[in-house]
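Below is one structure, written out as structure tokens, with a few remarks after it.
The values are calculated or read from the model by the stated rules, or taken from the named source; none is laboratory data. Here the structure is a predicted model, which means the values were calculated and not measured. Neighbour counts are summed over all protein chains in view; Cβ atoms, including those assigned to glycine, are modelled from backbone coordinates with ideal geometry. Note: accessible area is taken over every heavy atom of the protein model, side chains too, but ligands, DNA and RNA are not part of it. Shrake-Rupley method; radii C 1.70, N 1.55, O 1.52, S 1.80 Å.
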Amino acid sequence: MSVPAALQDERLAHGITVVDTGFVRPRFDAAYLLVEQGRAAVIDTGTNAAVPRILAAVAAHGLEPGDVDWVIPTHIHLDHAGGAGLLMRHLPNARLLVHPRGARHMVDPSQLLAGVRAVYGDEAVARDYGELVPVPADRVLAAQEGMVVHLAKRPLRLLDTPGHARHHLCIWDEASRGCFTGDTLGISYREFHTGRWHYALPSSSPVQYDPVALRASVARVLALRPAAIYITHYGAVRQVQDQADMVVRQSDAMAALTRELHGAADFEARLRDGLRAIYLAEARARQVGLGDGEVLELVEADVELNARGLGVWIGEGKP
């Protein structure tokens, strides 16, 4: 497999490397490589196109593909797990650790791919994700709530954290006092978490958003008092309480808006407009150093996806 020109990986403390998967744009979608005593784990994989980047990151640490023990998607949305099957083909000793609700879709991804096509359309799926590679069932391990696996002697604890999706895990890493949160604690593109400002928003993308469950999952992560969260979109965030507060506040506002508009003839258009207003108001309150147009441009894809997910949640859209 040819390796493309690598984007700049970001090495953090405690053997954690942020690998830019190259999906959508630079520093939009992260995979994480954990290295401990010559062994490695990959948390979230990006899409098939990310596989050479992840393998290059493994090699950059002086490791071989056989040194990777675990591949752990936080959930099975394709920007987090689309490349898992292809990656596993290159990692002879790795096991795929995934939420029980997602395990069968990693073994037989046909239903998952059909669902994604229904949301995004055939052309977009072919362009952005390609064909999903199945993972042999004997290499897939369903992660039970509270389960602990080890990377060398380093414990990783799996937490069942629904809200963004019912098949969502967070991974608690005692060594770094950090939590790999996927989309549970929202998204904060690098343009939004600089040294001077910090803004994050929730993700209610189709089709399993649940604002009540999300609140509980965020509280569960906070109860661990993490020194950092490692989010897929994008990178390490150390303003953990701040981000959690923003995500919950906006998620509550999104749910309230959706309930208010439920049944309106122009539900979809008004919902999108209302989401833009929520996100822009929060960004302004955070004194994000970007113009309103720049903020709206960065969140426009989320407006569309979040509106669709909220529609499904309230019964206005198709699952």
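Determine whether residue 46 is within 26 Å of residue 234 (Cβ to Cβ), in a loop (DSSP other than H, G, I, E, B), modelled with pLDDT of 95 or more and not aliphatic (A, V, I, L, M).
yes
Consider residue 42 carefully, then state whether it is hydrophobic (A, V, I, L, M, F, W, C) and touching a Pro at 6+ places or on another chain (Cβ under 8 Å).
No: the conditions fail for residue 42.
Against the conditions (1) under 15 Å from residue 129 (Cα atoms); (2) of a type outside the set (Gly, Ala, Ser); (3) at pLDDT 95 or above, where does residue 67 fall short? Just the number, please.
(1) is the only condition that residue 67 fails.
Identify, from the list 189, 209, the residue that is closer than 19 Å to residue 31 by Cα and among the aromatic types (Phe, Trp, Tyr).
Sole residue among the options that is closer than 19 Å to residue 31 by Cα and among the aromatic types (Phe, Trp, Tyr): 189.
Please verify whether residue 156 is under 20 Å from residue 16 (Cβ atoms) and either under 20 Å from the mean Cα position of the chain (by Cα) or in contact (Cβ under 8 Å) with a residue 40 or more places away in the chain (or both), treating the condition exactly as stated.
yes
Working only within the range 16-48, note down all residues that are open to solvent by less than 30 Å² (accessible area, probe 1.4 Å), touching a residue at least 40 places away in the same chain (Cβ under 8 Å) and closer than 13 Å to residue 67 by Cβ.
Hits for the range 16-48 are 34, 40, 41, 42.
If you go through the range 222-243 one residue at a time, how many are of a type in the set (A, V, I, L, M), under 15 Å from the mean Cα position of the chain (by Cα) and open to solvent by less than 10 Å² (accessible area, probe 1.4 Å)?
Residues that pass the stated criteria total 3.
Please go through the range 77-101 and give me each residue that is within 20 Å of residue 157 (Cβ to Cβ) and touching a Lys or Arg at 6+ places or on another chain (Cβ under 9 Å), ordered by number.
Within the range 77-101, 94, 95, 96, 99, 101 qualify.
Can you tell me which residues in the range 193-208 are over 18 Å from residue 81 (Cβ atoms) and crowded, with 22+ Cβ neighbours inside 10 Å?
Within the range 193-208, 193, 199, 200, 201, 202, 204 meet the criteria.
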